[in-house]
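For reference, the structure discussed in these notes is given below.
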Amino acid sequence: MIKSCPYCGSNKGFIQISRNESTEIKGKSISYKAIHYECNECHGIFDTPEQMDANLCSARKEFGGLK
Ligand SMILES: [Zn+2]
């Protein structure tokens with residue numbers, strides 16, 4: 001659980017968003033769906049450690065699917 005926003009310190013609530021992002025793994029460009037939280041107060045976007053793990057996992061899965 002998130003206690004407060006890392007940008008503004010608000011605890012008024014957060015929404016989980018997902019968006020397409022791309023990264024590079026071993027020189028290959030990978031597009032994947034990344035999840036983040038958006039602060040209701042300042043609309044800053046940040047990740048929890050769990051989301052970072054999940055995003056990394058999605059990118060790796062996409063990379064694994066490229067043949
Ligand atoms: Zn905020």
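General remarks:
- Only one of the numbered conditions (1) at pLDDT 95 or above; (2) surrounded by fewer than 16 Cβ atoms within 10 Å (Cβ to Cβ) is violated by Ile25, and that is (1).
- Selection within the range 20-47 - acidic (Asp, Glu) and in a strand (DSSP E or B): Glu21, Glu24, Glu38
- Taking the range 1-38 as the range and being within 14 Å of the ligand (Cβ to nearest atom) and either in contact with a Gly (Cβ under 8 Å, 6 or more places away or on another chain) or polar (S, T, N, Q) (or both) as the test, the residues that pass are Ser4, Cys5, Pro6, Tyr7, Cys8, Ser10, Asn11, Glu38.
- Hits in the range 53-63 - residues which are within 18 Å of Met1 (Cα to Cα) and surrounded by 14 or more Cβ atoms within 10 Å (Cβ to Cβ): Ala54, Asn55
- Set Ile17, Ile2: member being surrounded by 11 or more Cβ atoms within 10 Å (Cβ to Cβ) and assigned to a strand (DSSP E or B): Ile17
The values are calculated or read from the model by the stated rules, or taken from the named source; none is laboratory data. Predicted, not measured: the structure shown is a model, and the values here were computed from it. Cβ: placed from backbone, ideal geometry, glycine included. Neighbour counts: every protein chain shown.
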